[in-house]
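Trainee: Sharing a structure, written as C-alpha cells. Questions coming.
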Amino acid sequence: MKIKISALPILSITLFVLLIIFFVKYPRGFFRKQQGNTQAGFQQTLAPTGSLEPTPTPSPTPAPTPKPLTFNEMNQLYGPCVRLPVIMYHHVQDPAVAKENGQTNISVSTSVFENQMAYLSQKGYLTVNPASIDDFFDKSTSLSGKLIVITFDDGYGDFYTNAYPILSKYGFSATVFVITGLVENPGYLNWSQINQMASSNIFFANHTWSHKSVGSGNSAAQNEISTADTQLGQYGLNNPKTFAYPYGTVGSVAYLQQLGYTLAFSTYSGSTLCKQQRFNLPRIRIGNSPMSAYGF
C-alpha cells in the first residue's frame, strides 16, 4: 500500500527551515541598520541647505524738506515780484484791558506799538497803501527804498483811540480791513470815525460783512463779500478794491475778480509780493516784541 505525501506540507516545512537559517545568519542589527539608513536619508532630504533669515526691508529714503524759493525763483515763477513787508495787527490796547476781554493773543500794548512805530521811523521806513502795490503789478511803477504796509484787521474801536494818533505822529498811513456788519457796534469803529480817518491817509478795505470764512465760495460766502463791498462803496471807500480773508482762509477768488477786486491778503508769513499771487498775498503778524525781532 503506497502512502501519498502532499506537496503543501513539504513546502511549508522547507520555508520554515529557510527562515530559521536566515535569522541565524542575519541577526536583528541588519534591520536596525536598514531602518537607520532610511531615516537618515529622509532627514537629509528635509534638512535645509542653509539658515533662513528674513529679507531685510530697505528703509525708505526720507523726502528732503523743500527749500524756500529765492526771490529770483519766485520772480521767474510768479513775477513781477517785490520785497515789501506787510505787517498785521488787530487790537492796540492796554494789556489789562486785553486780558479782561480775552483778547491777549490778538493785542499789542499801546506802549509797545508806540515803540514799534518810533523804531520804524528811526530806521527810515515809509508807508504805502494797496494802490501802490496795484500800480507796481499793473503799471510797473517802482517800489524802491525802505517801504512797508501797515494793516489792521476787523476795525476795532481802539484803532481810532490808540493806534491812529500814534500813526499820525510818525506820518504813517495804514490799511484797515473792516467787518462792515460790526461797524457801530460796541468795541468797533463807527462810520463817522471811518470817514474822518479816510480823509487823512487811512485806507479802509473789505473784511466781509460778519467775518465768516469765504473759503467755500458758496452763495453765503459771496453774500459776505458783496454786502461789505456795497457798504464800503456807499461811503466812497476801498478803491482799489482790496480784500483780507477772514481766518486767512483763501477762497471765492473768482467772485472777488468778478466784483473788480485786484488784491487779497492772507495770513501766511512772508514779505515777497508777486503779481501772479495777488489774491494770496502774505503778511507778517506782529506781537509785543521789538520790531528787530521781526527782521526790521
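Trainee: Of the residues Gly181, Gly217, which single one is at pLDDT 95 or above, in a helix (DSSP H, G or I) and closer than 22 Å to Pro246 by Cβ? Explain how you work it out, then say what you get.
Mentor: Numbers: Gly217 fails: in a helix (DSSP H, G or I).
One residue alone meets the criteria, Gly181.
Trainee: Among the candidates Asn115, Asn105, single out the residue that is closer than 30 Å to Asn162 by Cβ, of a type in the set (S, T, N, Q), within 24 Å of the chain's Cα centre (by Cα) and modelled with pLDDT of 95 or more. Break it down into steps so the answer makes sense when it comes.
Mentor: Details: Asn115 fails: within 24 Å of the chain's Cα centre (by Cα).
Among Asn115, Asn105, only Asn105 is closer than 30 Å to Asn162 by Cβ, of a type in the set (S, T, N, Q), within 24 Å of the chain's Cα centre (by Cα) and modelled with pLDDT of 95 or more.
Trainee: I'm trying to understand the selection: among the residues of the stretch 141-172, which are in contact (Cβ under 8 Å) with a residue 40 or more places away in the chain and of a type in the set (Val, Ile, Thr)?
Mentor: Ile148, Val149, Ile150, Thr151, Ile166
Trainee: Continuing with the same structure: List pairs: first in the stretch 125-140 and within 20 Å of Ala205 (Cα to Cα) and in a helix (DSSP H, G or I), second charged (D, E, K, R) and at pLDDT 95 or above, Cβ under 7 Å, 6+ apart or cross-chain?
Mentor: As it stands, the answer is Phe137/Lys275; Phe137/Arg278, since those pairs meet every condition given.
Trainee: A further question follows. Mind listing whichever residues of the stretch 251-270 are surrounded by fewer than 18 Cβ atoms within 10 Å (Cβ to Cβ), touching a residue at least 24 places away in the same chain (Cβ under 8 Å) and closer than 26 Å to Leu147 by Cα?
Mentor: Across the stretch 251-270, the qualifying residue is only Thr267.
Trainee: Out of (1) crowded, with 21+ Cβ neighbours inside 10 Å; (2) among the hydrophobic types (A, V, I, L, M, F, W, C); (3) farther than 22 Å from Ala244 by Cα, what's the single condition that is false for Val112?
Mentor: Of everything listed in (1) crowded, with 21+ Cβ neighbours inside 10 Å; (2) among the hydrophobic types (A, V, I, L, M, F, W, C); (3) farther than 22 Å from Ala244 by Cα, Val112 misses just condition (1).
Trainee: Ok, one more. Considering only the stretch 118-144, state which residues are of a type in the set (Gly, Ala, Ser) and either loosely packed, with under 14 Cβ neighbours inside 10 Å or at pLDDT below 95 (or both). Full working, then the answer.
Mentor: Quick first cut of the stretch 118-144, residues of a type in the set (Gly, Ala, Ser) only: 118, 121, 124, 131-132, 140, 142, 144.
Within the stretch 118-144, Gly124, Ser140, Ser142, Ser144 meet the criteria.
Trainee: Just to check your reading of the model, which residue among Gln193, Gln231 is polar (S, T, N, Q), touching a residue at least 40 places away in the same chain (Cβ under 8 Å), closer than 21 Å to Ala174 by Cβ and in contact with a Gly (Cβ under 9 Å, 6 or more places away or on another chain)?
Mentor: Working: Gln193 fails: touching a residue at least 40 places away in the same chain (Cβ under 8 Å).
Result: Gln231 is the single residue among Gln193, Gln231 that is polar (S, T, N, Q), touching a residue at least 40 places away in the same chain (Cβ under 8 Å), closer than 21 Å to Ala174 by Cβ and in contact with a Gly (Cβ under 9 Å, 6 or more places away or on another chain).
Trainee: Which of (1) of a type in the set (Ser, Thr, Tyr); (2) in contact with a strand residue (DSSP E or B) (Cβ under 9 Å, 6 or more places away or on another chain); (3) part of a helix (DSSP H, G or I) is the odd one out, the single condition Thr151 does not satisfy?
Mentor: Checking Thr151 against (1) of a type in the set (Ser, Thr, Tyr); (2) in contact with a strand residue (DSSP E or B) (Cβ under 9 Å, 6 or more places away or on another chain); (3) part of a helix (DSSP H, G or I), the one that fails is (3).
The values are calculated or read from the model by the stated rules, or taken from the named source; none is laboratory data. As the structure is a prediction and not an experimental result, all values here were calculated from the model. Note: ideal-geometry Cβ built from the backbone for every residue, glycine included; neighbour counts use all protein chains shown.
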